[in-house]
Every structure is written in structure tokens, then in C-alpha cells.
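Report on the following structure.
Here, each number is a calculation from the coordinates, and none is a lab measurement. Since we're looking at a predicted model, the values are computed, not measured. Don't worry about glycine lacking a Cβ; one is built from the backbone with ideal geometry, like all the others, and counts go over all protein chains shown.
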Amino acid sequence: MPVESVFARLEPLLPRVQKPIQYVGGELHSVVKDWDDPAGMGTPAGSEPVRWALMYPDAYEVGLPNQGVQILYELLNERDDVIAERTYSVWPDMEAVMREHGIPQFTVDGHRPVGAFDVFGVSFSTELGYTNLLTALDLAGIPLDAADRTDGHPIVVAGGHAAFNPEPIATFIDAAVLGDGEEAALRLTDIVRDWKRAGRPDGRDGLLMRLAVDGVAYVPAFYDVDYLADGRIQRVTPNRPGVPWRVSKHTVMDLDQWPYPKKPLVPLAETVHERYSVEIFRGCTRGCRFCQAGMITRPVRERSITTVGDMVQRGIAATGFEEVGLLSLSSADHSEIGEIAKGLADRYDGDNVSLSLPSTRVDAFNITLANELSRNGRRTGLTFAPEGGSERMRKVINKMVTEDDLIRTVATAYGNGWRQVKLYFMCGLPTETDDDVMQIADMARRVIKTGREAAGRKDIRCTISIGAFVPKPHTPFQWAAQLDHETVDKRLKALKSAVMNDRDYGRAIGIRYHDGRPSIVEGLLSRGDRRVGAVIRRVWEDGGRFDGWSEHFSYERWERCAAGVFADTPVSLDWFTTRERDLAEVLPWDHLDSGLDKDWMWADWQDAVREVEVDDCRWTPCYDCGVCPSQGTEIQVGPTGRQLLPLSVV
Ligand code: SF4
């Protein structure tokens, strides 16, 4: 049955909302296929397509550049038997207009109702998007509780980093996919297609069973959770025969075979990034103990220099972007980063195409690389992430960078013409004291002092940016107590006044931080279990939306709703956040397998407390974190020895 576009009803209402352009679609490289005949070749009998609505649960300006959604959108639409369209969170003004006029959550491509698709895939980079999921489900006419859904509703699938502990949203989703999405999305599509072609045996339940038994996705409804009287989890057990006890993550092993995005979307409205982004490697084995992204994406898999070069060439030609982002968790660690930067800078010399790296490790930075990166662009600021203010703290978190390394590096940068350096830190790390945080001020002073000497001038700046630490599942800090927000705020205020009152250097140092309260909510949503779902629902019913945006976030609302839901139970907001766990405790995500061996993680947590560091397994023997043998994977690093050739004969 054709599904009608809602655009005719939507268009007259657009003047009533802010930034209406974010709802109209039509971006370069967006795709609108025929609903019944996606290949445009006539539909052979029995070949009903599989239809995906892909969502990034934040505003268009944040969601559009998201790499995960763009890759899946392109990959799925390359198939003739698939339709993939995108949807983003609508702002509260648009939500009100849609409710007033009965307009459902729609895709920005075909403006089709999300409720008409087979699969509603939602990619979570942060847990603070959970209330936005509920808004989208409700606007789409999809029951919030998965148990209330019928065969006519899409299956709701969560992905992204937050899917490694989807328990807080277990009631609202039908399935979660852990790990790399490329192969998994295609596999899931095949299963949906085969189920549809077989006449949808056993309805929705039959499809979810196929997904669970295959192992492509985790289906929370097929697991029972029992609790102890003190509130801890007693056990998590499958409640259907054939459903695996543990569900594993997916790992793509040859990034060169998946050179996406090839034709990234070019937004019509302003977005947070407007550049061609290429992931130069996936995974990180530096072993920073706070870093969930590094832990859950092991092992390191590099994309080859030649594939990176081809992707950039094609991506720039297809989009006209003037910036190339070389992305990864620690881009300067690519075994051929120097050759990549030089090769690309040579290719685009004089073309206004500039290169950028996300934050750089102090120890991986070198001035040749920095010069190549800035050759065709402006010499803007450099960003480093020492994360911990004191040497002791950096040992605890396994960020093997000394203060002397940092000072030497920034002196080189200032001496070579950079005027601005940004430094990222965290506050509230395990074992942290007031003094550890105050040492951030000392470090910033040394940076400016040495920088002035190296640059021979006074007009240099250093900005320190500080976030509150949130312990994350599947990291060695998953057992740690999160620091209460009052202490975080007290330490940050003391740091700020120390910096601002410094007569010699205070004016050259900027300091930025947010208060610690959103991090407590992030902590609840990161390490929570299924009981937290009722809090999310109550917050949403109370008006909670866009919790990642300070102007919309209300700590008071979360605190009040959590107190209401957890009244007369052994658990509380504090219980989920500021409580330290022990090895014997069953963690809500223990049945979800990131490949990391729990004993290794516990030993690494003990090493953290003893301030013992562990090296990167790329350059030292394997230290048995468990990922490679359990997942059948291996570290893939160069160098390949190849070089990027000029684009035209010189
Ligand atoms: S199993 Fe060994 S080589 Fe593989 S990621 Fe873990 S420590 Fe590194």
C-alpha cells in the first residue's frame, strides 16, 4: 500500500516554527525511493522491500552530520530491496504544532510517517537522548512500551555506544545492536526480508525470535531480570529456548571494504560540522580507563592510506566541502598519519581544502604533522586532552603523558606560530583529591610561561575545558563510585578562582566547565538497569526533552522523578551513581559481550587504584584483555609503505 507524504499538511505550518528548513529534506545526496518499487523496475511478486527509518535523536543540526546514520543511510539505500529514510528530533515548538494538527513523526526524505516503516533504527551516542526517543515514538503513534506494540508497528532497534547497556530503555525498544553497524544492519535487513517473504510467521514475536536466535541483535524482552532484597541484580536469564545467554558485539574487520560515506549528505541548513569526515581507523588500545569508546571498539583496525586518499578525493568532489576531518579516537596514532597528512596537503595545495584532526595526544603530536594539517588552512587552535591535572591522576586513568611531554609539545606549537592551545580535563575521576584538580591551574600557568618564552610574545592563550567524569559500562571504571555533583562543583569553582586570581597568567587562561548535575543524570542512564526506564518515562511525561541541551535540561525534574519512582524501593539516584560496586555484583550489562574479559577489567581497575600503567598492545605484546580471541579479531595496523599520488600529473 502506498504511504502518503505528510508534506502537504506540514508545509503551511512551517512558518510557525523556528528554522523550518530543518524539516524539509532535499539535501544533496538524499534519497527518496518509490515506497513499493524502490529499484524503480517494477515490483516482482513476493519481493516486498525492507523499509528503515533511521533516527539520530537530537536536532537536525547535530543529527545530520552523524557518521553512523550517514553510513547506514547510504549502505542500505545502495540495495534495491531497501528503502532508508532519516528522521531527527523535532524541537518543542514543532512538537506542539504536530500534536495540534495530528501530524506524525515523519522522515525528512519522503516525509513519510515513521510508524509505517518496518524498522525504526535509533543511534545513540549519548544516553541523554533517551527522552527524545520517547517523543519520537509517541509522535509516531508507536506505543512507548514495546510489549504494547502489534504486528503493524515497526520494530524499534537501538544502536550506537549507548546500546552496550540498553537496559534503562529496555522497555521502549524491541532490540539493540552492539558494535559496528555496517554488516549487522545488512544482516538484520536480510532477516526482516526473509520473514516478510515467508508471510511473517508468528508475527512480531516471530521476527524478534529470529533476530535473537541469530545473535544479530539483543532482544531485552527475551531475558528476565531477578533482583536481590538489597536492590542488586541476582541474575539475568533468557526466557526462551534458543536465545543466547550472552549477546556479542559486531566487529567489521576490513575497513577498506566499507569505504563509507561515499556521497555524504550536504546540509541545506547550518549544522555543527560541515566537512567531509573519513574515519582513518576504528578502535583504540591506548587503554585509557575512563574511555568507553576505546574499550568497546577494540581492536585497532586501520583504514589504508590509499583508501583514505580515494575516499577524500571522491567525497570532496561529490560535496564541495572545504574541510576534511580525519576522524578516529586518536588520529595521530595512525601508523601513516604523517604520509596521509602530507599526501592530502600536497593534493589540495592552493585549493582551500583544509585538514583537521580531532584532539591530539600530546605524545603523538609532532610539528611536521601539525604544519601539514595547517598548510592549506588557517593556523587555528590546537587541542590536547591530558584529561588528568596531576601526574598521579594520569597514572590512575592510564593516560601515559607526563607534564614535561605536554609542556615541550605546546612550547613547540607556540614557537611555530600557534597562538591558541585548548586542553581538556575531567573532574571527579576515581581517587581524585582537591589537589589533583588544583594542579590543572599549575599546568596552565606553565603552559603560558613556556609558550611566551618560545613564541617571544605575550599574546598567546590557553583554554582549559573541563567535564565531569561519568563511569561507563564495559570500562575498568564500571565499578567506581561517581563523584557527587556538589564536590565536583566545589573543586571546579576553586580551580576557577585560582586561575582568575593569578596576576601574571590569569588573563591568558580561559576556563570552561559545566556544572556537575547533568553528569549525574548521565551516570544514572549509563549504569542503570531496567528499573530506570520508569524514571525516563516519568521525566518525559513531565516535559523532559533535549536533555543534552543546558537550556532544556532540568536536574530538579530528574531528581524529583527518580525520588518518586524509587520511593519505597532499595534503590535511588545515589545508589545508581555514587555507589561503588564490587566484583561479585551482577552488573546490568554483564550479559552483553564487548569482548573484554571481566577479570582483566577488574585487574585493570585494581591497577588504576595502585597507579599502575599498562602499555598499548599495538606496540607491546598482547596483555590478554580478551577481545581478540573472544571475537575472532586481531589488531590491523600498517604501515603499508604506500603513498598518495598527486591527483593530476604535475
Ligand atoms: S586481546 Fe590483546 S591484542 Fe587484542 S585488543 Fe586485547 S590486549 Fe590488544
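What to note about this one:
- Evaluating 6.51 cos²θ - 1.76 cosθ + 1.60 at θ = phi - 60° for every residue in segment 20-28, the Karplus couplings come out as x, 4, 5, 9, 9, x, x, 5, 4 Hz, glycine and proline recorded as x.
- Relative pair counts by distance (%), Cα atoms of segment 7-244, 10 Å bins: 7, 32, 36, 18, 5, 1, 0
- Spin-label pair Arg408/Asp484, simplified geometry with 7 Å Cα→Cβ offset, distance in nm: 4.3
- Note, ³J(HN,Hα) from phi for segment 504-510, Karplus 6.51, -1.76, 1.60, rounded to Hz, x at Gly and Pro: 7, 10, x, 6, 8, 10, x
- Arg579 long-range amide H proximity, modeled H, under 5 Å: Gln482
- Using the average count of surrounding beta-carbon atoms within 10 Å as a protection proxy, the listed peptides 605-613, 518-526 rank, highest first, as 518-526, 605-613.
- With both labels modelled 7 Å from their Cα along Cα-to-Cβ, the Ala584 to Ala534 distance reads 2.7 nm.
- Rg over Rh [alpha-carbon atoms, Kirkwood Rh] for segment 456-609: 1.06
- The separation of segment 114-143 from segment 77-101, counted between C-alpha centres, amounts to 10 Å.
- Segment 449-462 - phi-based ³J(HN,Hα) in whole Hz, Karplus 6.51/-1.76/1.60, Gly and Pro as x: 4, 5, x, 5, 5, 5, 7, x, 8, 9, 8, 9, 10, 9
- No disulfide-compatible partner, judged by a Cβ distance under 4.7 Å, exists for the following cysteines of the chain: Cys284, Cys427, Cys462, Cys561, Cys617, Cys622, Cys625, Cys628.
- Ranked Val213, Val614, Val324, criterion: other C-beta atoms within 10 Å, fewest first: Val213, Val614, Val324
- Centre-to-centre, using Cα atoms only, segment 553-584 and segment 180-213 are separated by 36 Å.
- Rg/Rh ratio calculated on Cα atoms of the chain (Kirkwood radius): 0.96
- Each part gets one Cα centre, and for segment 216-251 versus segment 1-41 those centres are 39 Å apart.
- The eigenvalues of the Cα gyration tensor, multiplied by 5 and square-rooted, give segment 551-650 an equivalent ellipsoid with semi-axes of 42, 25, 14 Å from largest to smallest.
- Pair Glu100, Tyr623: separation of 7 Å Cα→Cβ label points (nm): 5.9
- Relative packing of 442-452, 6-16, 156-166, which averages over residues the other C-beta atoms within 10 Å, highest first: 156-166, 442-452, 6-16
- Residue order, fewest to most beta carbons within 10 Å, for Tyr23, Tyr227: Tyr227, Tyr23
- Over all orientations, segment 120-247 has a Cα convex hull whose mean projected area works out to 8.3 square nanometres.
- Electrostatic dipole magnitude of the chain [Cβ: Lys, Arg +1; Asp, Glu -1; Cα centre; debye, to 20]: 1460
- Ranking of Leu355, Leu186 by count of other Cβ atoms within 10 Å, fewest first: Leu186, Leu355
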